[in-house]
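For reference, the structure discussed in these notes is given below.
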Amino acid sequence: MIIKVVRDRGVKKDGAITGRVFVDNVFFGYSLENDEYKIPLGNYDIMLKNSPTFKKNKVYISVPNRTNILFHGGNTVNDTKG
């Protein structure tokens, strides 16, 4: 499985960066990242594991020098730190 996030260039609102998410090159949904904590551009390994916060399996992203980076549902920049 390949998950690709395409950030919208120059679009920032209330400290958030918007984008689109593709899974195996098929549109999956929209993304929202906190500009202050955004993940550096690059390729990362992913894994499915249980989230203590969400109490169910989530996709975690292996980002060097960072911990507990995951994809999860949310609606505003307040729902995210990454």
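How high is the FRET efficiency between residue 48 and residue 6 when r is their beta carbon distance and R₀ equals 22 Å, given to the nearest 0.05? Efficiency, rounded to the nearest 0.05: 0.50.
With contacts taken as Cα pairs under 8 Å and at least 6 residues apart, the chain reaches a relative contact order of 23 percent. Normalised per residue, the accessible area of region 1-60 is 80 Å², obtained with a 1.4 Å probe and no contribution from ligands, DNA or RNA. Here the chain exposes an accessible surface that is 51 percent carbon and sulfur, computed with a 1.4 Å probe and the other protein chains kept in place. If the Kirkwood radius is taken over C-alpha pairs of the chain, then at 37 °C and 0.692 mPa s the Stokes-Einstein diffusion coefficient equals 246 µm²/s. The count of lysine pairs in the chain that are at least 8 places apart or cross chains, and whose C-alpha atoms lie under 17 Å apart, stands at 9. Subtracting the Cα-Cα distance of residue 75 and residue 38 from 0.36 nm times their residue separation leaves 11.7 nm of extension gain.
In this structure the amide hydrogen of residue 70, modeled in the peptide plane, comes within under 5 Å of the amide hydrogens of 61, none closer than 5 places in sequence on its chain. Rounded to the nearest 0.05, the FRET efficiency derived from the C-beta distance between residue 55 and residue 30 at R0 = 22 Å is 0.40.
The values are calculated or read from the model by the stated rules, or taken from the named source; none is laboratory data. The structure presented is a predicted model; accordingly, all values stated were derived computationally and were not measured. Glycine gets a Cβ as well: all are built from the backbone with ideal geometry, and neighbour counts include every protein chain shown. These area figures cover heavy atoms from the full protein model, side chains too; ligands, DNA and RNA do not enter into them. Shrake-Rupley method; radii C 1.70, N 1.55, O 1.52, S 1.80 Å.
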